[in-house]
Structure formats: structure tokens, C-alpha cells
Amino acid sequence: MTKKSEIFNTVYRLLKLMHSFDKDLIPLSLLCAIFSGITPYLAIFMSGLLLDNLHSKNYELAFYIVIFFSTLIFILSYLKEYFQKIRCKKNNCNEPKFAAFIRDKMLSYKYEKIQSPQVYQKLVLLERMISISGGVDALVAKLIIFLKGLISSLISFIMIIYLCLTLPQSDNQVLSLIASPIVSTLIICGFITLTLMIIIPKNRKFNQALQDLLQIQGKSELAITSIITDILQNYKVGATTRIYDMGDMLKQRLMDVNENDIIKCHKMFADYITNLAVFHSISKSAIIVVAYFVILVKILSNAITIGMFTTYGLMITFFTSTLMDTLSSYTTICSISNYLKYYLEILDWKECEESGSIPIEKRLDNEYEIEFKDVCFHYPDTDVEVLKNINFKLNLKEKMAIVGKNGAGKSTFIHLLVRLYKPTSGMITLNGIDIQKYDYNEYISLFSVVFQQFKMFAFSIKENVTTTKNCDEKKLREVLTQAGIMERIDELEQGVDTFLMKYNEDGVEFSGGEMQKLAIARALYKDAPYVILDEPTAALDPLSEYEIYKGFDAMVQDKTSIYISHRMSSCRFCPNIIVFDMGEIVETGSHDDLLKLDGVYSTMWNAQAQYYE
Amino acid sequence: MNKKNYSVLSNLKYSLGFFVFYMKKSTLFIGVMDIVIGVAIPFVSVFIPSIAIYYLTGDFDVITSIIVIISSIVIFQLISILSVKLEKTFSGKLFIFRLHFTKEYSDHIIDMDYEAMESTQGRKQCANGLEMVYMGNEDGIEAYLRYFFGVVKNLLGLVISIIITYTLHPLIVVFLILSSVGVIYFNDQFHKFNVENEDFNAAYYARNQYLEKTSIDPKNIKDIKLYSMQKWIASLYERLINDRKKYIDIYFNIMFKSTQFTLVSTFLKDIIVYLYLIYCLIQNTIDVPYFIMYVGVISTLSNWLIEVFNNYKEFIRNDIVISNFRNFKQYGKPLKSNGKSLLKNEAHSITLENVSFKYSDNDKYSIDNLSLEIKKGEKLAIVGANGAGKTTLVKLICGLYTPTKGRILIDGIDCATLCKDQIFKEFSVVFQDEVIFAFDVESNVTGNIESKTDYIKLEQALKQAGIYDKIESLPNNIKQNMTKRIYEDGVEFSGGESSKLMLARALYNDAPVMILDEPTSALDPIAESILYESYNQLIENKTSIFISHRLSSTRFCDRIILLGDGAILEIGTHEQLMNKGGAYHNMFDIQSHYYKKSEVKNND
């Protein structure tokens, strides 16, 4: 269980953030809490007053009491509902607002940090928790209940004290003694305190157990979600599972996760919840019975009127349930803030912000010079050197190709160049200055990259290619034509506004080759001085491939371009071919030079060329 | 597939039947007890103050009064505790039942006919199926039963409170029902609004979820960073929130209208009922304890009535979910064989006779009147432009799709006479999209439960696919969990390694026909060349089909077909097609262009 101060701190920071989104929310919430805390007591007062007057046959006053209280209750309830309406309207968009805010912040952090699967898993789990148990909305709602509970408890407390202080007027010694202020105060307050002393630690224990269970449950939830959404509902996977008759295995797995983990967890969960509720119910009942006893004695000893039986009776019932609500709202506040804490943690990753502030000199002639100086690199979680002592200068406005076997370090080389990772040792410079010192966004604007596993998103083609809201329609058409996909798009009813993928009813599923063309169009649209293509044509048929390369040559004429390809032919006419092997640059030169070397390059070339001769 | 309508009664029988099947019969008893106690509580609570006032105002001695009143309070509290216990236990049981019931969904979807599942309708059906078990406790079978019990409980309470109120004055009953009808009307309006906006809501949640996951998925971060999509994503969220805001405004306005009406009607009801009761007191038709009882009963009556309708509404909404689920269970039911194969376990000949195929949501034929004979043990290559129908053809051959027209025969046996699972058994297919599950390596390759793994064969398949060393280097070898979707230590394979794993899966399966769809696109030239060289050995004694954009692969195949627009454009050996000088020749020239030694100049 997290410490109180930590919970307080989390709640405070979340509220502060929320306040920065909308200034009205907190005052409105306060109003809601106050009104809903007070209103129930009007009905409670009314019932007693009414009964007393009816008992003493004072019908005219009873009539006025009914009119007065009913009207007052109506007005206060109306106000409460009105504020509640405004609050709910404002509150309801807080969830996506928070999610957007966190993402915006997160995406400005270093790649190395945010690509980590742990971060992803934690966030997914956090947001799954939000969808199950509520996020900031629920937090505010629970805070209101908590506050309302405090207000109600205060009123109840005053009433209880008032009840205790009333003086008995009876001949019966025993009754008078019990009904005396001191004894009755001792009985009620003592008993309530005693019950609280039992409930609160027990509550905490239950809560801790629930938290632990939620942790375990989260893991199995992840497993079952993965089976259901990634496999069962995913028709693309269906072909493989059927051909290979994987049904039995899938059923077995699902059975394991569902029966052994999920159901077991939830059974325990349900038991906890039932036990907690029963326990609360018992405590409530105990307080109620004791309180009623005191009320009865007070009435029988003539300390209070008979009508007060209902007033105090209703009050004590209301008080006990408010007490339990308040306690459980506190528990919920703790558990919600416990998982929402991770949001705040993300905001605090100051050390992950992209470094560098030097602006990039804007040059129309694209005269940028990049140099690798003794660059070594290994990925943070392993010791295996992926790149060793890379020394290399990127010639200006030149077509360059990188070849090498799978795992030779080609893609890593690109990752370092575009600042996805930082060299473990050595330095990469742009016009003589370490690239880490440049403003990140400006530096990145120098590169158009089509990655091997590029990603497109389920939004309109237009937005996917331009990656902005506002776009230059003419340029868009131009790049789509260059990428050889304009015709296909024009065939579509909604043209460039068509949504990709079938997430939408009218979304269109493009083939792998078509997607690749869109990715290339996206790179062209960015129009940066450096163009990098990492296996861009793997899924394309020979004609499309040819078209693309031809188009690209024209596009990159006054730019520096780097190709990575397993199709050796596409590299042949690059004046500068770099051959990677085991993390090192082993050969450089033109196609003819390299063939003569009879090294790695020539082996690779011949392996492929033999089939075409 | 026609949609069948199921009656409420039949749906109830269906759901309760499964409930009894998965849970103990005694669980139903808990539900019944929950209803009985749940109905009793409000009435018992109403009688307590009446009893108390009766004893306090009458001539009873102090001890008797205290004992009677306190014991009635104690009894009431005990019932309340029991009620809490019953209610929580029962709702817990209903939840557990839904989890058990998931099996009914997953068993069917795993076996569902592939073609049926893949169609637009199929995906809707599958979503319907999922709604039954996976959308939380407000949708599906759990909610259906809970609301059913809710309707019964509240209906019972309503009847009793109407009877009691009736003894006061029939007109009061009429008045109370009328004032509640208003609330019900507004609730209904609200409900209608929700139904009308169901699609909007579903779209919102889908979008939100997509955006939520996509924007942080480690696989997307590279592109997001490199193309500075941060601002775009923020604007997508803004759009989402703004659309939502409009809806939320209307939503709460309508809700407020209903609340307003409730407030006003409660106000009027209170005044009228109280005044009438005071009138009765003056007339001496009732005394004070009765006054209290009537106030209590009347206040529950409207509550029962409103709750009956609220529960009923949700019950009926979920009744549709049940009907949909039962339709889902009938949809795409596969014909299952007895597991015996009618075919000999050896390389097959495959014949396609005038086969045409179109997707159910498309009016153009993807495969158009195609005839082809693949001989026993033949090595066939299929080439063609993107979208020529290569993958569709493969899916037809291996039985995933059924021809719209024409027929396919394996060893002369018409596939239409075979069950799908019998056909599937004869094929090992590596599809274009790599399929890696969040299981361990072993399960990924064998696709079967652990006890059935043939470890010798597994090792051999991994070696043949050239991925054995990689797997040996993993911390847990073949027991290593894959992907980081679930496991923190899950291993992620590169493109090349994944293709090799897919190949290993096909080799382990060792079916008489092997089909490889673009297996080399992620391989480097050396690995590609090794695959080509070992290809003959891999497919020994098998019939095989090889699809690739790398035309070099056609060189070691017996026959090549060039596919275009769903039809065979050219067919023959590499030499024959080259001599023909047609489309294939042209394609090959373009790709081999730069590999030729003779031409060294860049003509572009």
C-alpha cells in the first residue's frame, strides 16, 4: 500500500493537471459535494417534525411542514442536479484529454525510452485498468463522494452529539442513567469509534489483497486479450491456424488461461468483494442496533419526542451507509491514484527529453556534411557490439547503397544516423558539430526514411502521407503519382480521403505492395535533403519495383540518398556501395571495384546474379 | 446465411440451460433467494417504524417495548446482511458463468469456416460473438441473466406494493403509476437516443482505442518520430474529443430533462400523498403507525415501477445480443470429418477445372475461369504483378476458399466431397504475412499441444529452415517465449528470422503439398540462395508451389505460370516462356537487367 502522503501528492498533481485543462471543474465538483451532502437531512428532519405534529394532532402545522420541506428539497435537489449536469459534461472528455496530453509529452522523449516494451505494457495495462475501474473521471467522482461523506458525517455527528446531550426526564433510574448525556455519549461514540478501529485496518488489508490480485489478474487479462484479439478475432491469422490445424492448441491455451488463471482470480476477487460487503454490512448493522437502543431509551425517558425516533433512526441509517461509502471511496481513490501514478511518472522523465538546441542552418543547396567518427554501438539491453569503429563520411548529393547480410548492422547504422539511438562511443557530426547538440525536430527534418517495417495508420490516405492536418493538395497528388499509386487512389470513391484499413466500415484494405508505395509517397512528401530507403521494394512485383527506382532516381537528384536492399541489382549503379559485415564496414567502392575485390560483396552478388544469367 | 429470430422465451431457456450446465444447480437457488429477500427488505424496513411508534405510543411497559423494537431491528439487520451476501454472491456467480461461457465463443470461432469468417458479414458475426462474452458486465449473457432476475424481483415488489397501496385508495395507485410513466417516457427517450447513437459510440470507442494503442506501440514509434507525427496525433485526439463533446452535450441535456421531470413528479407526489394521508388522519380512517407504513410503501412503489422498466429495457437489449450470438453459432459451421484421411499420404496431383472465384463482398471475379493441372510431385512457380490473384489462387487450392464456379480435384477426388479439415491436412503453406504467436518457439512451430511434439522432427525442421542456431542461442531454447506482447522477456525476431521460422513450421507439418508465398522477400542474398539450393531437398517427394517476385526462383521450378487479372496469361518452363517473348520475358528482363554482365551502363 502506498503511503498517505504519496496518495495525497498524486491526487493533488492530477487535480492540478485537470484544473489546467478546465478551471470550472473543481469549483463545480465542490458545489455538487456540498449540495448532495446537505439535501438528505432535509427529508430526515421533515419526517420527525411531521410525526411529532401528527402525534399531537397539530394538522395545520403538519400541512405547512410538508409544503415547506418538499419545496426546499425540490430546490436543493434541482440545483444539485444542475451543477452535476455541467460537471459531467466537462468531466466526460477528461479521459482522452489526459491520454492525449501524456502521449504528446511521451512522444517528445527519446526513442530509446519510449520504444521499450515495458513502457508499452505498463501503459496498456494502465489504460485497461482505466477502462475497467475508471480514470480521472472516476477519481473526481469518488472525491466528490468522499467530500460529501465528510460533510454528511459532520452533520450526523452534530446530530448525534445533540441527541446525547438531551436530558432525560424520567422516574425510571436505569433509563435515566443510560439516557444521561455522559453515558449515552460513551455508548454511541464509543461504539462507533470501536467499529471504525476494526473496519479501517480490515479495509486496508482487503484493499491490499485486491491490489495484489489485480496485479496477477492484469497479466492474465493481457494473455487472454492477446489470444482473443490478436488470434481469434484476427481473420488474417485464421488461414495459418486452420491449415496447420492449430485449433486444439488454441483451445488448450485458452482453457489454461481462462480456467486456471482468470476464473481462479475472479473467484477470489468475487469472494473478497462479497466478504468485504458482508463485513461492512455487519458493522453497519451493529452501529444501527446500538444507536437505536440509545434512541429508544432517550424517547422512553422523555429526553426526546416520539417523532424523533424516525428522524434519528433515518439519520443513523444514512450515517452508517455514508460512512461505508466514504471509506470505500477512499479505498478506490487510493487504488485509482495507485495506477494513475504512472501517468505522472511519465511526465517526470526529464532525462529522456531530446537534447540539443542548436538550430539547423537552412540551406537551399542542401550542403550538409555528415561524418561518423569511431562510432561503436550496442543496444542497451545486450553487450553484443552491433557496430564497431565505424568511420565514414557521407558524400554530398550522392547515391549510396548499403549491403550486407541479415543482422550485419545496416539498419542500426541508419538508426544512429537519424538519432533513434546514441552511439555508445564515438561521435556523429553534422557540419563538424555533434548531431546530439542540434535541436531534435530540426535535425530530424533533414531525413526522409522508409523503414523496412514501415507503418501506416487507419486514417485517411491524405493524412497518412502528409502526416498533418493541413496539406498541400497539389504536392500530395504529385508524390502519389511519383510513387505510382495515384491511379489506384483515383479509382476509389473518396479518393485521397479514403481511410486505410478496415477499422472503418468504408476503410480500404491495401495490399503490402500498395502500402509500400504509400510509404514511399510519404517520404517524398517530406522532401528532406537526405533520403533513406531501407528495403523499400521487398513486396513489390518486378515492374512496380522498376518504376519506383526510376522515379526515385529523378526525385533524389540534388539530394543525398541511401539505399538498403537485398536486391543487389538496385545498388549496382550507386557510385558508392558500403558493405557491412558483422558490424563493420568491410568494403567500400563502386560495383566494379567491389566485384574485383572478390570479397563479401562479390559473394552476395554472385549468389543472386547466377539465377539471372 | 439467413438471420434467425429467436423468441425471448427460447433465449431464456438457452441462457439458463448453459448457466445450469456450467455452474451448479444450487447457484440458481441463490438467485431465487436473492429475489425473495430483495423483495422482502423494503417492506420489512417500512414496518419497523410503524411497529416502533405503535409500541411507543401505546400502553406497554418499557422492557417489552425495548425488547420488541430492538429485536425487530435486529431481525431486519440480519436480513439485510443476508441480502448483501446473496446479492454479491449471485452477481459474482453470474460473472464467473460468463467467463466459463467464453468457451462457447472461442470453440466456434476457432473452427469457423475461413472464407465465411473473412467476409464482411463474417467479421460482423465474430464481433457479435465477442459481444456476448467480452464486453464487460453490461453486455452479453451475464447482463442478460442479471437483468432477467432484476425484472422478476422488481415486478414482484411492484405487485405487492400496489396491493398495499390499493387498500388506501385505488386512485393513489393510478396517480403513482401515471407519474412514473412520465419518468419512464423520458428514460425511453434517453434510451432511444443511445440506440440511435450506438454506431457513433462504437466508432468513438474503436477510434479511441486504436489511437490509444497505435500512438504508443513500440513498432510505430520510429515512423512517428521520424515524420514528426506528434502534432498530427495531438490533432487526431482533438478531433476525437470535439466530436465526442457534441454528443456528450446532447446526452447530458436529455438526461437532465428526465431528471427534471423526476424531480417535479417526486415533488408533486410527495405533497399529494402526504396531504391525502394527513386528510385520512383527520378523518380517522388511519392512525399514525399506518401513516408511516403507507408513506414507506408508496415511496417504494414508484421505485419498483421505474426499476421494472429499466431492467426490462436492458434485458431486451441483451436479448438481441443472445439472438445474435445464437446466429453466430450457426454461422460458418464447418463440416468436420472423423479425422480419417481419404487421401494417400504422398505427393498429390491437383486439378483445377474452370475455377472462378469472387469474394462475397465483391462483384468482380478475382479468379476467372482458370483451369490448371499440377502433376504429382511437380514444382510449380506462380509469378505475376501485385494484385494478380496469386494468393487467392493458393487459398483456393488449399481449401480455404471454395470455388464460386468450377471444381478442384486432388488425386481425382472432388474437393467438394471432402471436409475442409481433410483438405487442410494435405497442405503446408507459408503465407505472405508472417504469423507469430505470443507462445513459445515450440508451439509456434508445431502448432500443437506440447505432449504431441515430435522433438526429433522439430529439430530437423529448424535445422532445415536454417534457424536452429538462432534458437539454440536463445536463453530458453525452444521453450523461449516469443514477442513482447505479453512476455517481458519475449524474443522478437527480425524479418529474415521470422521467414525462416515460418518455413520451419511448414517443414515440421510435412504435408504432401508445400506452398510458399513470397518466402524470400526478407532474406539477404546469401540466405535466399541457400534456400534455393536446398529447395529441392526440402520438397522431396512433395508437390510444391512457389510464389515470388524474385523471378530467379522460377529457375528451379518445373513449370511457371504467369498470372494476370485472375487468369493464366502464360504457362511453361522458363526457357519456353523466355522464347515466347511475352509478358514473362519482359518481366524477367526488367529484373535481370542490372545483373547482366553485358550491360554496364545506367540507361535511366
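FYI, it's all coordinate maths here, none of it is from the lab. Since this is a predicted model, take the numbers as computed values, not measurements. Every residue, glycine as well, gets a Cβ built from its backbone with ideal geometry; the counts of neighbours run over all protein chains shown.
The residues A:E221, B:E238, when put in order of fewest to most other Cβ atoms within 10 Å, stand as B:E238, A:E221. Annotation: amide H of A:N576 within the under-5 Å range of A:A401, sequence separation 5 or more or interchain, hydrogens built in the peptide plane.
Among the chymotrypsin sites (Phe, Trp or Tyr not before Pro) in the stretch B:47-105, which ones are in a DSSP loop with at most 16 other Cβ atoms within 10 Å of the Cβ? Mind listing them? Show your work: numbers first, answer last.
Working: sites: B:F47, B:Y54, B:Y55, B:F60, B:F76, B:F90, B:F95, B:F97, B:F101, B:Y105; in loops: B:F60.
Here the chymotrypsin sites (Phe, Trp or Tyr not before Pro) that fit, given the DSSP loop and packing criteria, are B:F60.
In this structure, the amide hydrogen of B:G399, modeled 1.01 Å from its nitrogen in the peptide plane, lies closer than 5 angstrom to no residue at least 5 positions away or on a different chain. When trypsin sites (Lys or Arg not before Pro) are flagged only if DSSP places them in a loop and at most 12 other Cβ atoms lie within 10 Å, the longest unflagged stretch of chain A comes out as A:58-361. What pairs in A:K219/B:K25; A:K559/B:K484; A:K399/B:K484; A:K462/B:K245; A:K16/B:K222; B:K245/B:K329 have C-alpha atoms more than 28 Å from each other? Where the Cα-Cα span goes over 28 Å, the pairs concerned are A:K219/B:K25; A:K559/B:K484; A:K399/B:K484; A:K16/B:K222; B:K245/B:K329. Within the straight-line cut-off of under 19 Å between alpha carbons, the aspartates and glutamates reachable from B:K376 are B:E346, B:E353, B:D411, B:D414, B:E426, B:D510, B:E540, B:D558, sequence neighbours fewer than 8 places apart in one chain being disregarded.
Across peptide A:308-321, the average count of Cβ atoms from other chains found within 10 Å of a residue's Cβ is 1.
Summarising the amide proton neighbourhood of B:G406: residues at separation of 5 or more, or on other chains, whose placed amide H is nearer than 5 Å comprise B:S356. Using a cut-off of 20 Å between Cα atoms, the listed pairs A:K236/B:K395; A:K388/A:K422; A:K350/A:K410; B:K420/B:K457 include A:K350/A:K410; B:K420/B:K457 as exceeding that distance. 3J(HN,Hα) along the stretch A:122-136, derived from phi through the Karplus expression 6.51 cos²θ - 1.76 cosθ + 1.60 where θ = phi - 60°, amounts to 4, 5, 4, 4, 4, 6, 5, 4, 4, 6, 7, 10, x, x, 4 Hz, with x in place of Gly and Pro.
Can you pull out the chymotrypsin sites (Phe, Trp or Tyr not before Pro) in the stretch B:260-333 that DSSP calls coil and that have at most 13 other Cβ atoms within 10 Å? Present the calculation step by step, with values, prior to reporting the outcome.
Numbers: sites: B:F261, B:F267, B:Y274, B:Y276, B:Y279, B:Y290, B:F291, B:Y294, B:W304, B:F309, B:Y312, B:F315, B:F325, B:F328, B:Y331; in loops: B:Y331.
Here no loop site has a sparse enough neighbourhood.
Report the convex hull volume per residue for the stretch B:8-330, counting only C-alpha atoms, in Å³.
Working: hull volume 60.4 nm³, N = 323.
That works out to 187 Å³ per residue.
Note on B:E373 and A:D490: the model spin-label points, each 7 Å out from Cα along the C-beta direction, lie 4.5 nm apart.
Dividing the summed -39500 (n - 2.57) terms of all DSSP H runs of n ≥ 4 by the residue count of chain B sets its mean residue ellipticity at 222 nm at -21000 deg cm²/dmol. Would you mind checking the stretch B:427-449 for residues with the amide N under 14 Å from a putative spin-label position 7 Å along Cα→C-beta of A:Q252? Correct set: B:439-449. Note on B:D217/B:F18: beta-carbon distance plugged into 1/(1 + (r/R0)^6) with R0 of 30 Å gives a FRET efficiency of 0.25.
Residues B:T214, B:T543, arranged from fewest to most other Cβ atoms within 10 angstrom of their Cβ, appear as B:T214, B:T543.
Shielding by partners for peptide B:517-526, expressed as the average number of C-beta atoms from other protein chains within 10 Å of each residue's C-beta, is 6.
Ranked for footprinting exposure by Cβ neighbours inside 10 Å, fewest first, A:I182, A:I333, A:I75 give A:I182, A:I75, A:I333.
The Kirkwood radius of the stretch B:481-604, taken over pairs of alpha-carbon atoms, gives through the Stokes-Einstein law at 37 °C and 0.692 mPa s a diffusion coefficient of 195 µm² s⁻¹.
Provide the packing ranking of B:463-473, B:569-579, B:122-132, i.e. peptides ordered by the mean count of other C-beta atoms within 10 Å per residue, highest first.
Working: B:463-473: 17.4, B:569-579: 15.6, B:122-132: 20.8.
Taking the mean over residues of other Cβ atoms within 10 Å, the ranking is B:122-132, B:463-473, B:569-579.
Pairs of Cα atoms in the stretch B:245-399 fall into 10 Å distance bins, from 0 up to the last occupied one, in shares of 7, 16, 16, 12, 10, 10, 9, 9, 7, 4, 0 percent.
If you average 1/r over every pair of different alpha-carbon atoms in the stretch A:333-420 and take one over that average, what Kirkwood value in Å do you get?
Working: mean 1/r = 0.0585 Å⁻¹.
Value: 17.1 Å, from the Cα pair sum.
How large, in Å, is the protein assembly as shown by the Kirkwood hydrodynamic radius built from its alpha-carbon pairs?
Details: mean 1/r = 0.0284 Å⁻¹.
The Cα-based Kirkwood calculation yields 35.2 Å.
Considering only alpha-carbon pairs that sit under 8 angstrom and 6 or more positions apart, the relative contact order computed for the stretch B:8-330 is 33 percent.
Treating each Cα of chain B as an identical point scatterer and ignoring solvent, apply the Debye formula and state log10 I(q)/I(0) at q = 0.05, 0.06, 0.09 Å⁻¹. Each listed q maps to, in turn, -0.40, -0.54, -0.93.
Which number do you get for Rg(Cα) / (2.2 N^0.38 Å) in the stretch A:460-507?
Details: Rg = 10.5 Å, N = 48, 2.2 N^0.38 = 9.6 Å.
Relative to the 2.2 N^0.38 Å estimate, the stretch A:460-507 comes out at 1.09.
Per residue, the convex hull spanned by the Cα atoms of the stretch B:226-274 amounts to 52 cubic angstrom.
Quantify how strongly other chains surround peptide B:60-73 by giving the mean number of their Cβ atoms within 10 Å of each of its Cβ atoms. Let's see the in-between values first.
Values: counts 0, 0, 8, 2, 0, 3, 6, 0, 0, 7, 5, 1, 1, 8.
The per-residue average across the peptide is 3.
On a C-alpha basis, how far is the centre of the stretch B:41-114 from the centre of the stretch B:165-185 in Å? Whole number, if you could? Each part reduced to its Cα centre gives a spacing of 26 Å.
Of all lysines in the structure, those lying under 24 Å Cα to Cα from B:K313, and not within fewer than 8 positions of it along the same chain, are A:K85, B:K3, B:K4, B:K13, B:K88, B:K93, B:K124, B:K153, B:K192, B:K257. Two numbers describe the Cα atoms of the stretch B:496-556: Rg and Dmax, which are 10.8, 28 Å.
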